[in-house]
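I have placed the structure first, in the form of structure tokens, so that the comments after it can refer back to it.
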Number of protein chains: 2
Amino acid sequence: MITQQIILTSRPRGVPTLDNFAFERVLLPDMHQDEVLLQGLYYSVDPYMRGRMNDRKSYVAPFVVGQPMEGGVVAKVLDSKSDNFKPGDLVTAGLPWRVLNIVPSIWLQKIDITHVPASYYLGILGMPGLTAYIGLLDIGKPKAGETVVVSAAAGAVGIIVGQIAKIQGCRVIGIAGSDEKSRLLKEEFGFDEAVNYKSTSNLKAVISHLCPGGVDVYFDNVGGEISDAVIRNINFDARIPLCGQISIYNSSEYPRGPRLQPMLLSRSALMQGFIVSNYQFRYPEAIQQLNQWLNDGLLKYTETIVHGFDQLPNALLGLFKGDNTGKMIVEA
Amino acid sequence: MITQQIILTSRPRGVPTLDNFAFERVLLPDMHQDEVLLQGLYYSVDPYMRGRMNDRKSYVAPFVVGQPMEGGVVAKVLDSKSDNFKPGDLVTAGLPWRVLNIVPSIWLQKIDITHVPASYYLGILGMPGLTAYIGLLDIGKPKAGETVVVSAAAGAVGIIVGQIAKIQGCRVIGIAGSDEKSRLLKEEFGFDEAVNYKSTSNLKAVISHLCPGGVDVYFDNVGGEISDAVIRNINFDARIPLCGQISIYNSSEYPRGPRLQPMLLSRSALMQGFIVSNYQFRYPEAIQQLNQWLNDGLLKYTETIVHGFDQLPNALLGLFKGDNTGKMIVEA
């Protein structure tokens, strides 16, 4: 059986381009016992994928040049040699970027779409939702009445972080990349304040103005100068979960900036990098609670859905231009 | 009664000089009920004092221009209007830099010199010892078999941190500012390795060589490029207690350097500023344990003692030139 796949043809220096990808036709192997044939329905594109495009050891192995890209996918079972899956079942898995895949059934998790759309399992009920929940609650440890600032606030993780912080009784300020995103955060997602960093000349002063009592938790999705501005406003005993550094993922140089240790020291602040896959023991509680909040209407969710398997590279590049509000998804 | 005091006459820009200080004769007030007359025996000079010379809010209030410097002192009671103190008692307190002081007795803590010299209460049994104990054990959380790196390793705090890490069963590497200090750390204080950063052209490579399994705990007393070099070698789940930043205390500019968040993120590392005075609930256990280790010969201690009250400004400036091995003390 022949299918289409998207491979990494070269490692980007700086911002990736479409030239780093190629489409190929590939012959799938025969299906063996305990394997299933899958058709991809929804493909996740995520900022962390940029790191995997480098030839540098990080917390996930690099993509291999000449091999398919891979990521989270919601797929439909077309054929099965497993007792646990039958045609028509919907599953999630980490899969190569192919239209069809044959994989061992132990890679798969069944999903239940009775109450939520299938694509939610790549977002609020998947890695981004778990990241928001665990990063904010386990590392940020917000207390009612505290002030929480989140960057990339209209992104897949940030938009959930802000809402969970509101549920905890915090004052929540979001930083986003357009006036429209800022408006949405306040009007649709219940953020107390939101600021468009692109139209702000002195972000440090704006954060200071919006957070007159200082910043207790800064959920950092971006790094760089945006984070510098927030961190200059932290309170004593502040907590800074480091979730992402999208502002500098495309830097070829080792980026420089103001040294933050003197600030962390004088404020007794904590900065903690975390990778959600090291907190799997927390997943059952997190998923149960996120589902509950969704059902109760306490959490709203939004996606930017791009149509067409062939749009996967474009959608990934769009993350670095801020094309998405909420989770960026490609529907095949 | 007339005594001599040392005042701050101007705030330094960059490295302090003797011109920032002046000696004055001052008339002490009459002694009231519950007050005592003290004669200073040992005066502590500490790197954190540099921060108090700036007009910048930090975790301790700035020194006041025109007013005496102040710090930890071991003093003898000369006269007392308190039921709790009698002439001849030895005490510690935070006191103005004066030869004689009249202060309320509630400022004072009696000390016991049966087993240790009085000056130890400004060092291993005082703030530096508590800082080493609490910063390493509560924040660094070293486990047996892990690798611990400490900077300013021959300083008042570092020399204790390294020895406590050895007691915990760790491999310990010290970074110091001379060959003689490095030799002492290895031969006298039991460090596994020590490196003189001043004669090292590529500290990152040297740390990598000395820590083939990577760095699990980095106790940071210095900041700046030394810390950059260590942090490039941290392991997954590394912990970095931020204790001091002596390398940049004298910077007038807001110093810049490589951004560390990407490293902390990819290694799931923790960086935590701490100020020992916020851990007073830990003092009784810490003091009891430090005394025990001293008595058992598991902890060695060393001081650099400068003689003469009038040498206090010089001794303070000497900290920033690395004049001291172990705790810097001025004996009046």
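The values are calculated or read from the model by the stated rules, or taken from the named source; none is laboratory data. As the structure is a prediction and not an experimental result, all values here were calculated from the model. Reconstructed Cβ throughout: ideal geometry from the backbone, glycine too, with neighbour counts over all protein chains shown.
All conditions in (1) within 14 Å of chain B (Cβ to nearest Cβ); (2) touching a Pro at 6+ places or on another chain (Cβ under 9 Å) hold for residue A:319, with the sole exception of (1).
Here's the yes/no breakdown for (1) more than 25 Å from residue A:327 (Cα to Cα); (2) surrounded by 19 or more Cβ atoms within 10 Å (Cβ to Cβ); (3) of a type in the set (D, E, K, R); (4) free of Cβ contacts under 8 Å to residues at least 24 places away in the same chain:
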| position | (1), (2), (3), (4) |
| --- | --- |
| A:5 | no, yes, no, no |
| A:9 | yes, no, no, no |
| A:19 | no, no, yes, yes |
| A:32 | yes, no, no, no |
| A:36 | yes, yes, no, no |
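Residues that are crowded, with 19+ Cβ neighbours inside 10 Å, of a type in the set (A, V, I, L, M) and not in a helix (DSSP H, G or I) within segment B:286-305 comprise just one, B:299.
Matching residues to (1) surrounded by fewer than 24 Cβ atoms within 10 Å (Cβ to Cβ); (2) in contact (Cβ under 8 Å) with a residue 60 or more places away in the chain; (3) more than 24 Å from residue A:270 (Cβ to Cβ); (4) under 15 Å from the mean Cα position of the chain (by Cα):
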position	(1), (2), (3), (4)
A:130	yes, yes, no, yes
A:138	yes, yes, no, no
A:143	yes, yes, no, no
A:147	no, yes, no, no
A:157	no, yes, no, yes
A:170	yes, no, no, no
A:174	no, no, no, no
A:183	yes, no, yes, no
A:188	yes, yes, yes, no
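Filtering B:269, B:315 for residues that are surrounded by 15 or more Cβ atoms within 10 Å (Cβ to Cβ), among the aliphatic types (A, V, I, L, M), modelled with pLDDT of 95 or more and more than 30 Å from residue A:60 (Cβ to Cβ) leaves a single hit, B:315. Selection of segment B:228-273 for residues being more than 21 Å from residue A:54 (Cβ to Cβ), in a helix (DSSP H, G or I) and more than 7 Å from every other protein chain (Cβ to nearest Cβ) yields B:229, B:230, B:246, B:247. Within segment A:60-77, does at least one residue satisfy the condition of being modelled with pLDDT of 95 or more and among the basic types (Lys, Arg)? Within segment A:60-77, one or more residues are modelled with pLDDT of 95 or more and among the basic types (Lys, Arg). Can you find a residue in segment A:139-149 that is farther than 19 Å from residue A:303 by Cα and hydroxyl-bearing (Ser, Thr, Tyr)? Yes - at least one qualifying residue is present in segment A:139-149.
Among the residues in segment B:19-26, are any aliphatic (A, V, I, L, M), more than 22 Å from the chain's Cα centre (by Cα) and under 16 Å from residue B:93 (Cβ atoms)?
Taking every residue of segment B:19-26 in turn, none turns out to be aliphatic (A, V, I, L, M), more than 22 Å from the chain's Cα centre (by Cα) and under 16 Å from residue B:93 (Cβ atoms).
Only residues that are part of a helix (DSSP H, G or I) and either more than 28 Å from residue A:302 (Cβ to Cβ) or of a type outside the set (A, V, I, L, M) (or both) were counted in segment A:217-227, giving 3. Considering segment B:100-216, the qualifying helices (runs of 4 or more DSSP H), each wholly inside and each with 3 or more residues that are of a type in the set (A, V, I, L, M, F, W, C), run over B:127-134, B:158-167, B:203-210.
Considering only segment A:1-21, state which residues are of a type in the set (A, V, I, L, M, F, W, C) and at pLDDT 95 or above.
Correct list: A:2, A:6, A:7, A:8, A:18, A:21.
Output the residues belonging to segment B:59-75 that are surrounded by fewer than 16 Cβ atoms within 10 Å (Cβ to Cβ) and either part of a strand (DSSP E or B) or on the phi > 0 side of the Ramachandran plot (or both). Within segment B:59-75, B:66 is the sole residue that qualifies. Looking only at residues in segment B:227-258 that are of a type in the set (A, V, I, L, M, F, W, C) and either without any contact (Cβ under 8 Å) to a residue 12 or more places away in the chain or within 15 Å of residue B:193 (Cβ to Cβ) (or both), the one that is surrounded by the most Cβ atoms within 10 Å (Cβ to Cβ) is B:230. Check segment B:275-285 and report whether any residue there is at pLDDT 95 or above, outside any helix (DSSP H, G or I) and surrounded by 16 or more Cβ atoms within 10 Å (Cβ to Cβ). Among the residues of segment B:275-285, not one is at pLDDT 95 or above, outside any helix (DSSP H, G or I) and surrounded by 16 or more Cβ atoms within 10 Å (Cβ to Cβ), which makes the answer no. Filtering segment B:274-288 to residues that are within 7 Å of another protein chain (Cβ to nearest Cβ) and in contact (Cβ under 8 Å) with a residue 40 or more places away in the chain leaves B:274, B:275. If you go through segment B:191-219 and keep only what is among the small types (Gly, Ala, Ser) and in contact (Cβ under 8 Å) with a residue 60 or more places away in the chain, you end up with B:213, B:214. Filtering segment B:34-58 to residues that are more than 20 Å from residue B:310 (Cβ to Cβ), in a loop (DSSP other than H, G, I, E, B) and at pLDDT 95 or above leaves only B:34. In segment A:302-329, the residues that are free of Cβ contacts under 8 Å to residues at least 60 places away in the same chain reach residues that are assigned to a strand (DSSP E or B) and surrounded by 19 or more Cβ atoms within 10 Å (Cβ to Cβ) with C-beta atoms within less than 6 angstrom, at least six apart or across chains, in these pairs: A:304/A:328; A:306/A:330; A:311/A:330. When residues in segment B:209-224 are screened for being at the interface with chain A (Cβ under 10 Å from one of its Cβ atoms) and more than 19 Å from residue B:270 (Cβ to Cβ), 1 of them pass.
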